[in-house]
Amino acid sequence: MPRRRPRPAPFRPALGFALALLAAPLLAARPLPEWRLDPVHSRVLFEVEHAGFSQALATLSAPEGRLRYAPGRWEDAEVDVRLPLSRLDFGDAGWNEAMLGRRWFDAGRHPEIHFRSTRVEPIDAEHARVHGELSVRGRTAPVVLEVRQNAVKRNPLTLRRTAGFSATAELDRRAFGLDAAPGLVGHAVRVRIEVEALRTRGSASPGEADAPSETEAPATEPDDADPQFP
């Protein structure tokens, strides 16, 4: 007489849900890869109305900071960035000197701008709102960045794992004590941010190993590298 095959155990939704709840903290506990800002390919552009004639433009280059980020985990991401005011550039030496003076940024006493995220609001796989605190001239106010992830992949030139982001924001300069010349300079400041970040050593994504070239540029460039374009 043939033996009967045992029937499969019935699926119990409650059991599956309980297992998912147990697994969720473990997934959330996995550390995010850490990334260091590339000062050469990261820059902030400021735009503010100048007496109704034009939009005055200034840039801040060579930011310093780190990100914690993995694609698909926007809500766990963190960012901490500092911008040295010594790199502020309005395109004119005299104007730069005036803007760094005590009437404006007071860079002698407050030599940098600092942004620290407090939470990240995912929108979709490539977009998020990064809520944070911006400190300028000794004052701190909330700011929201509209962020787009451009790419997370190995840079074909350096062979290093690189993440690229674009972001925009709008703020009121008066919130930071920058209230001089109200009849000549607009209150609203529009900000555009372009960032590239390099993954730090030993900070691979779960299940992904760091390549030997992950922390240092290769000794020789690829054959198709353009030496004039770093």
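The condition of being out of contact with any Cys (no Cβ under 9 Å at 6 or more places or on another chain) and either modelled with pLDDT under 95 or on the phi < 0 side of the Ramachandran plot (or both) does not hold for ARG137. When PRO142, PRO84 are checked against the criterion of being over 20 Å from ASP179 (Cβ atoms) and either open to solvent by 60 Å² or more (accessible area, probe 1.4 Å) or of a type outside the set (A, V, I, L, M, F, W, C) (or both), PRO84 stands alone in meeting it.
Of the listed requirements (1) surrounded by 14 or more Cβ atoms within 10 Å (Cβ to Cβ); (2) on the phi < 0 side of the Ramachandran plot, ALA62 misses just one: (2). Pairing residues of the stretch 121-147 that are closer than 24 Å to LEU85 by Cβ with residues that are part of a loop (DSSP other than H, G, I, E, B) and among the acidic types (Asp, Glu), at Cβ distances under 9 Å and at least 6 apart in sequence or on separate chains, gives ARG137/ASP106; GLY138/ASP106. Filtering the stretch 150-160 for residues that are touching a residue at least 60 places away in the same chain (Cβ under 8 Å) and of a type in the set (Gly, Ala, Ser) leaves an empty set.
Evaluating LEU57 against the criteria (1) open to solvent by 80 Å² or more (accessible area, probe 1.4 Å); (2) of a type in the set (A, V, I, L, M, F, W, C); (3) assigned to a loop (DSSP other than H, G, I, E, B) leaves one unmet condition, (3).
The residue that is farthest from PHE90 (Cα to Cα), counting only those in the stretch 156-197 that are among the polar types (S, T, N, Q) and buried (at least 17 other Cβ atoms within 10 Å of the Cβ), is THR158. On the stretch given as the stretch 91-118, residues that are closer than 26 Å to ARG66 by Cα, small (Gly, Ala, Ser) and open to solvent by 50 Å² or more (accessible area, probe 1.4 Å) total 1.
Reported count of residues in the stretch 102-158, each being under 18 Å from SER42 (Cα atoms) and of a type in the set (Phe, Trp, Tyr), is 1.
Among residues that are over 20 Å from PHE105 (Cβ atoms), of a type in the set (Gly, Ala, Ser) and crowded, with 17+ Cβ neighbours inside 10 Å, ALA151 is not included.
The values are calculated or read from the model by the stated rules, or taken from the named source; none is laboratory data. Please read all numbers here as calculations on a predicted model, not as lab measurements. Here the Cβ is made from the backbone with ideal geometry for all residues, glycine too, and neighbour counts use every protein chain on show. Surface accessibility is based on the protein's heavy atoms, side chains included, excluding ligands, DNA and RNA. Shrake-Rupley method; radii C 1.70, N 1.55, O 1.52, S 1.80 Å.
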